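S.K.: I have a structure here, written as structure tokens, and I will follow up with some questions on it.
Values quoted throughout were computed directly from the atomic coordinates according to the rules given, and no laboratory measurement underlies them. As the structure is a prediction and not an experimental result, all values here were calculated from the model. Please note: Cβ atoms are built from the backbone with ideal geometry, for glycine as well, and neighbour counts cover all protein chains shown.
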């Protein structure tokens, strides 16, 4: 089976760490849970509580959190706020990421309304569509622009990430236009394989693949370790 | 790092295989590409062509396809149709999966219109919402029902998988109701951790996690093996 993608990140002691994509995903989940816990007023949290909430073993939680440096105290636990800050630094989301959204259909509107994005520092600063009837419409104080305006609008708004929520047939053209306009990270929802230069980061969300994985799990009734859910 | 989830599946020779979630995901991608290739009239395909199209090494493709049994011929390649049939059998999608969709907001409507679902045998047979103003509306010849009607409607339609596209606050209640109505596989889009009994299969799609992974990739500019994209 494929070797999982590994990423070099800067450790808290200035050295280098290698993280798997699965562990990057888990840090996102820890972060979500910790922010909820902090909102409820809990200044401390234990690895056992985190594991319980996320369906991950205590040992795995402690192993993951050790990547953040020496934060926990035996018998006392972790400072919720310290963990949140350390994970946000690790993931590079201790700052705002301006996002350009291309495709303002049902999916695009769902993404615009997705409360998680703004909460986590992802701010949609530019809207584009390929449908001429939508150009010029205003949603959430943003005017929908056409793809020809992309270089100017992206330069003006400082968008760094591009979200592609257009039909398959338009997805490659939109990706090419975003890259020409200077975008270096693409989140693609179109169920099509995009070709991108090596320096561009691409994350694809294929909703049919998720449904097929679910069908496969129900089909096989395969036991699965909880930390992959 | 977490051990990747492994699944036992029945091999073509009647034995048992263990597949990682990553490889199950790749089989979905092979399938998508092969169906496109077949639509263009190509009766044969090589591992090199598949790898090229999906950004995976030739060796990885051959290793994956070996799980399907002895299908390829050296110098000739694989029969496109045979590969498609074998992958569909492996994944348990050589049949139709009836789906209940809960939450008919922007995301639910986007999922209803997601052309991949119907093409791949996932047919939405029941719609539910928690918003009283939507109950009784008809979309795609399906009437939106309330959650109280779930047991009766799910029994009548034979829905086997449930897709949760409601706001966070309603997601656990909807999951509980689907499970009580007999659903054994859930695809959850609400950015919240759901608690489900062990016999229920759960796949969660957290769109913020995907965006955070992208930000992390752009932040670190980490090199990544293409087969994880």
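S.K.: In which sequence would B:168, A:96 go, from the one with the fewest C-beta neighbours within 10 Å to the one with the most? Spell out each step's value before the answer.
M.R.: Details: B:168 11, A:96 14.
With the fewest neighbours first, B:168, A:96 line up as B:168, A:96.
S.K.: Nearest 10 degrees, 0 to 90: what angle lies between the long axis of helix B:21-39 and the longest principal axis of chain B (Cα atoms)?
M.R.: Between the helix axis and the principal axis of chain B, the angle is about 80 degrees.
S.K.: Here is a follow-up. Given a Förster distance of 22 angstrom, what is the FRET efficiency for residue A:40 paired with residue A:123, based on the Cβ-Cβ distance and rounded to 0.05? Write out the running numbers ahead of the final one.
M.R.: On the way: r = 26 Å, r/R0 = 1.17.
Efficiency, from the Cβ-Cβ distance: 0.30.
S.K.: So for the pair residue A:62, residue A:115, with labels modelled 7 Å out along Cα→Cβ, what separation do we get in nm?
M.R.: Computed distance between label sites residue A:62 and residue A:115 equals 3.5 nm.
S.K.: Follow-up question, since we're still on this one. Just from its helices, what would the mean residue ellipticity at 222 nm be for chain A, if runs of 4 or more DSSP H residues each count -39500 (n - 2.57) and the sum is divided by every residue, rounded to the nearest 500 deg cm²/dmol? The partial results should precede the final answer.
M.R.: Numbers: 9 runs with 95 residues, N = 229.
It comes out at -12500 deg cm²/dmol, rounded to the nearest 500.
S.K.: Please average, across the residues of A:184-190, the number of beta carbons from any other chain that are within 10 Å of each residue's own beta carbon, and give a whole number. Kindly include the intermediate steps, with their values, before the conclusion.
M.R.: Values: counts 4, 8, 2, 6, 3, 4, 1.
Shielding by partners across A:184-190 averages 4.
S.K.: Just the number, please: percent antiparallel of the DSSP beta bridges in chain A, rounded to the nearest 5.
M.R.: DSSP beta bridges in chain A are roughly 35 percent antiparallel.
S.K.: Further question on the same structure: Please give the FRET efficiency for residue A:157 paired with residue A:81, using the beta carbon to beta carbon distance and R0 = 30 Å, rounded to the nearest 0.05. Please list the in-between numbers first.
M.R.: Working: r = 31 Å, r/R0 = 1.04.
Given R0 = 30 Å and the Cβ-Cβ separation, E is 0.45.
S.K.: Measure nothing fancy, just the Cα-based angle from helix A:80-91's long axis to the longest principal axis of chain A, in degrees from 0 to 90, nearest 10.
M.R.: For helix A:80-91, the angle is close to 50 degrees.
S.K.: Let me ask you something else. How high is the relative contact order of chain B, in percent, with contacts defined as C-alpha pairs under 8 Å that are six or more residues apart?
M.R.: Numbers: 316 pairs, mean separation 30.3, N = 229.
After rounding, I find 13 percent.
S.K.: Count, for each residue of A:30-36, the Cβ atoms from other chains sitting within 10 Å of its Cβ, then give me the mean as a whole number. If you can, show how the numbers build up before the last one.
M.R.: Details: counts 0, 3, 7, 2, 0, 0, 2.
Average neighbour count from other chains, rounded to a whole number: 2.
S.K.: Counting only DSSP beta bridges with both residues in region B:97-209, tell me the antiparallel percent, nearest 5. Can you show the working numbers first?
M.R.: On the way: 2 of 22 bridges.
About 10 percent, rounded to the nearest 5.
S.K.: What residue among B:102, B:218, B:193 has the largest mean-square fluctuation in a Gaussian network model of chain B, using Cα springs under 10 Å?
M.R.: In this elastic network of chain B, the residue with the biggest mean-square fluctuation among B:102, B:218, B:193 is B:218.
S.K.: A further question on this structure: Which of these, B:148, B:160, B:199, has the largest mean-square fluctuation under a Gaussian network model of chain B (Cα springs below 10 Å)?
M.R.: B:199
S.K.: Share of antiparallel DSSP beta bridges in the protein assembly as shown, in percent to the nearest 5?
M.R.: Values: 20 of 60 bridges.
Percent antiparallel among DSSP bridges in the protein assembly as shown is about 35.
S.K.: Order by neighbour count: A:219, A:33, fewest other Cβ atoms within 10 Å first, most last.
M.R.: Final ranking by Cβ density, sparse to dense: A:33, A:219.
S.K.: For chain A, with equal point scatterers placed on the C-alpha atoms only and solvent neglected, what are the log10 I(q)/I(0) values from the Debye formula at q = 0.08, 0.10, 0.13, 0.14 1/Å, to two decimals?
M.R.: Taking Cα atoms of chain A as identical point scatterers yields -0.37, -0.57, -0.93, -1.04.
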